[in-house]
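Working notes, structure below.
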Amino acid sequence: HAKESGNDRYHVFDAQMHQEMIDRLALENDLKRALERQEFIVHYQPIINLKTQAIVGLEALTHWQNPERGMVSPSLFIPCMETTGLIVPMGMMIFKQACQQLYRWHQQGWTELTMSVNLSVQQFACPTLVEDIDRILAETSIHPACLKLEITESAIMNNIEAVIAIAEQLRSRQIQISIDDFGTGYSSLAYLHQLPIDNLKIDRSFITQIQPQQSQYKVVDTIITLGNHLDLTVTAEGIETVAELEQLQQLDCEFGQGYLFSRPVRAEAIEAKFLQRDRDVDSCLPYYE
Ligand code: C2E
Ligand code: MG
Ligand code: MG
Ligand code: MG
């Protein structure tokens, strides 16, 4: 039992910092082993055409299946993967898994589906990124035009010259580029029109409980108009309710994803819910019923 001394809270603080350090080292160690043990698996979240409600593609979101920790969501381990640099080898493994899965869906007749994969700023700094992507596309027989690579606004700003140079190489292969979490970074209109990109993904924080008269509604309206003027498609992230969907439809937002349609799930669950044989890709049935 702790003594009632004036220094106790410092001891408690030390102990807590010590524990946090131990936890972080344990996480790093587990993540290193996770790579060797292939514990990373891809979950897929459908991307929907908001007008027709047809599924147009999937976003690959990496989950970590660990014997002790269970299924760990990306927001809990991706930051650590980035600080340790593990994101670079993991990113390529995930990229290959997602391409192999897309190939299977194309073979099953869902030939129009695209695959969106998140790229970390560290992958953009990797000198072999473009050749690695070329090699995996060739190995998995995926046409580059079916691939969308997502990079966050803040990652672009981190090293804008390098990102532009690489994005240009990727687009010359017909690979599409999206800006992820758009609206939360510090991009300026001065360069947005110069970026070699195809798609803006509006950050989920603007979509939550969106309603006319709100400032976030005006922001979303403005991003959609901006996208139209710059010839970019626009995707809304984090659609959770029918009300949010209806507001976005009124704003003519073309694409969206969110828990309303599906959480990120295993490939088999995507097949069961979205890719049944009797349902064609252009069917207008709402998926969320
Ligand atoms: P992101 O790329 O912006 O992905 C969208 C995030 O929003 C995902 O979080 C997804 O589960 C969540 N989401 C989608 N719809 C809804 C909704 O309706 N409501 C709510 N509350 N959330 C929704 P998640 O899966 O935790 O992933 C977090 C971030 O981790 C991703 O954000 C992405 O930046 C990163 N990430 C995930 N997988 C990878 C990967 O393989 N490589 C890299 N570099 N980053 C990844
Ligand atoms: Mg998740
Ligand atoms: Mg993303
Ligand atoms: Mg996002």
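Every number in this text was worked out from the coordinates using simple rules, so none of it is lab data. Computed from a predicted model, the values in this text were never measured in an experiment. Heads up, the Cβs are rebuilt from the backbone with ideal geometry, glycines too, and the neighbour counts pull from every protein chain shown.
Structure data summary
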{"quantity": "Fewest-first sequence of Leu35, Leu245 by Cβ atoms within 10 Å of each Cβ", "calculated": "Leu35, Leu245"}
{"quantity": "Candidates Asp132, Asp14, Asp203, ranked by Gaussian network fluctuation over the chain, Cα under 10 Å, top entry", "calculated": "Asp14"}
{"quantity": "Sites Glu112 and Ile22 - FRET efficiency at Förster radius 45 Å, r taken between beta-carbons, to 0.05", "calculated": "0.40"}
{"quantity": "Spin-label proximity, Thr241 to the range 194-213 - amide N less than 19 Å from point 7 Å beyond Cα toward beta carbon", "calculated": "203-213"}
{"quantity": "Computed lengthening from Arg33 to Asn159, 0.36 nm per intervening residue step minus Cα-Cα distance", "calculated": "42.3 nm"}
{"quantity": "Extension reserve of the Tyr186-Ala125 stretch, reckoned as 0.36 nm per residue once the Cα distance is removed", "calculated": "20.0 nm"}
{"quantity": "Label-point separation, Phe13 to Ala145 (7 Å along Cα→Cβ), nm", "calculated": "6.1"}
{"quantity": "Ranked list, fewest to most other Cβ atoms within 10 Å of each Cβ, for His18, His106, His143", "calculated": "His18, His143, His106"}
{"quantity": "Ranked list, fewest to most other Cβ atoms within 10 Å of each Cβ, for Met21, Met93", "calculated": "Met21, Met93"}
{"quantity": "Residue-span extension gain [Asp134 to Asn49] - 0.36 nm each, minus C-alpha spacing", "calculated": "27.8 nm"}
{"quantity": "Mean Cβ neighbour count within 10 Å, used as a protection proxy, ranking 119-128, 66-75 highest first", "calculated": "119-128, 66-75"}
{"quantity": "Förster-model FRET efficiency, 35 Å R0, Ser73 and Gln211, C-beta, rounded to 0.05", "calculated": "0.80"}
